[in-house]
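Colleague: Sharing a structure below in structure tokens format, with a few things to ask.
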Amino acid sequence: MARMLNRREFMVRGASAGVAASALPSLSYADAVTPPAALAPVTGAMPWKIDIYSKHLQFLRDPHEVAAAAKAMGYDGLDITIRPYPGHIDPARVRQDLPPFVNAVRSHGVEVHMVTAPIADADSPHAEAILETAASLGIHSYWWGSFLYVKGQPILPQLEAMRPRVAKLARLNEKYGMTAMYHCYGGEHTVNDKVYVSGPMWDLLHVLKDQDPRFVGIQWDSCHMTNAGGMRTWELNLRAAGPYIRGVSWKDSLPEKAADGRWLPHYLPLGHGNVELARANAVLREIGFNGPMEIQPEHMKGAAGDGKDTLTEPKEWVFATMTEDLRMLRAAIAESESYKL
């Protein structure tokens, strides 16, 4: 594994990894630090398409600008946020606003393989409108979640109570030919202290039991699942979930001890944390994964990392960071082809 880059090195090195300045909206390298020699691009066919999560491009509001940025950085597609502002599409206006947004993105040769929507179950506001509209555009996967534990209450009865909600959502997804991908979180969330179903994986599989994975499945989050399943328990969980793994979300971190004694993830660029990128991709190959995957560069912090609509950091650094994450993931995927498990 390459040595860790310091902040200054990382800012400028990614800028040399193949991003065309002229192709990026409102991007100038005039004041950028002169980058070192370009890193070798990753060549060869990739078994999966790699998307960028549009949450991290919410400082761009025009779909043509969003698509141009994604394409210039080398991404195959976008996971579009259907969330209240600053999400790109307001859920209440999905029928009116999603079709022109998607058509604009696709006009640049950028695909839309999935969307992220505030759907926890079939009774969530705007759920049917979102699914019907997405399906009409040829989008058949969406980010789904989440279920929360009530702290201090028995676990199994809570999981049993969730199963009818999942069954009802599965029926709605079947109606529109959609796959719900439950986004995994590792235990107690670091932002709001809520405890999400999916940390140990067995609990989520219990909720999904007997359901058709074509309609309800899992979006495996590499960072959360590695932290929740250290010492390669993440690998056992990934294999156990096999047929239900319908999407993958990539990010990386290292554990950091907080003032209250908890170990929390300190987000890092891909390839610089505890996520075993090549090994994880080798396992995905072995279990026959063929769904969409995306990068979530939350390590950027700042406005882009947090999904805000106004940047506080240089655009050139933001785009270079996302480009370097993509390069690292593609290198790991290439390595995984011959990786010995």
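Colleague: Restricting to DSSP H runs of at least four residues, report the calculated mean residue ellipticity at 222 nm for the chain, -39500 (n - 2.57) per run over all residues, nearest 500 deg cm²/dmol.
Modeller: Mean residue ellipticity, 222 nm, calculated: -11000 deg cm²/dmol.
Colleague: Relative to the longest principal axis of the C-alpha atoms of the chain, give the angle of the C-alpha long axis of helix 63-73, reported between 0 and 90° and rounded to the nearest 10°.
Modeller: Helix 63-73 sits roughly 70 degrees off the main axis of the chain.
Colleague: Go through the stretch 260-265 residue by residue and turn each phi into a ³J(HN,Hα) via Karplus (6.51, -1.76, 1.60, θ = phi - 60°); whole Hz please, and just put x for glycine and proline.
Modeller: For the stretch 260-265, the Karplus-derived couplings read 8, x, 6, 9, 10, x Hz, x marking Gly and Pro.
Colleague: On to the next question. Across the chain, how many lysine pairs, 8 or more apart or on two chains, come within less than 13 Å at their alpha-carbon atoms?
Modeller: Summing the qualifying lysine pairs gives 5.
Colleague: Between H206 and N103, what FRET efficiency comes out of the Förster formula 1/(1 + (r/R0)^6) with R0 = 30 Å and r the beta carbon distance, rounded to 0.05?
Modeller: My answer for the efficiency is 0.15.
Colleague: For D221, which sequence-distant residues (separation of 5 or more, or a different chain) have an amide H within less than 5 Å of its own amide H, given hydrogens modelled in the peptide plane?
Modeller: When sequence neighbours closer than 5 places are left aside, the close amide H contacts are C184, S249.
Colleague: I would also like to ask the following. Expressed as an acute angle from 0 to 90° and rounded to the nearest 10, what is the orientation of the C-alpha long axis of helix 94-106 relative to the principal long axis of the chain?
Modeller: Helix 94-106 sits at roughly 40 degrees to that axis.
Colleague: Amide H to amide H under 5 Å from R83: which residues, 5+ apart in sequence or cross-chain, H placed 1.01 Å off N in plane?
Modeller: HN-HN under 5 Å from R83: H88, I89.
Colleague: Still on this model: How large is Rg over Rh for the chain, taking Rg from the Cα atoms and Rh as the Kirkwood inverse mean of 1/r across Cα pairs?
Modeller: Dividing the radius of gyration by the Kirkwood radius yields 0.95.
Colleague: Suppose every K and R has +1 on its Cβ and every D and E has -1 on its Cβ; what is the size of the dipole of the stretch 84-206 about the Cα centre, in Debye to the nearest 20?
Modeller: 140 debye
Colleague: Which value, in debye to the nearest 20, describes the size of the charge dipole of the chain about its Cα centre when Lys and Arg Cβ atoms bear +1, Asp and Glu Cβ atoms bear -1, and nothing else is charged?
Modeller: Once rounded to the nearest 20, the dipole reads 320 debye.
Colleague: Roughly what angle does helix 155-176 make with the longest principal axis of the chain, taking Cα atoms, 0 to 90 degrees, to the nearest 10?
Modeller: The two axes meet at around 70 degrees.
Throughout, read-outs are computed from the coordinates displayed, never taken from laboratory work. It should be emphasised that the depicted structure is a prediction, and the values quoted were computed from it without experimental measurement. Every residue, glycine as well, gets a Cβ built from its backbone with ideal geometry; the counts of neighbours run over all protein chains shown.
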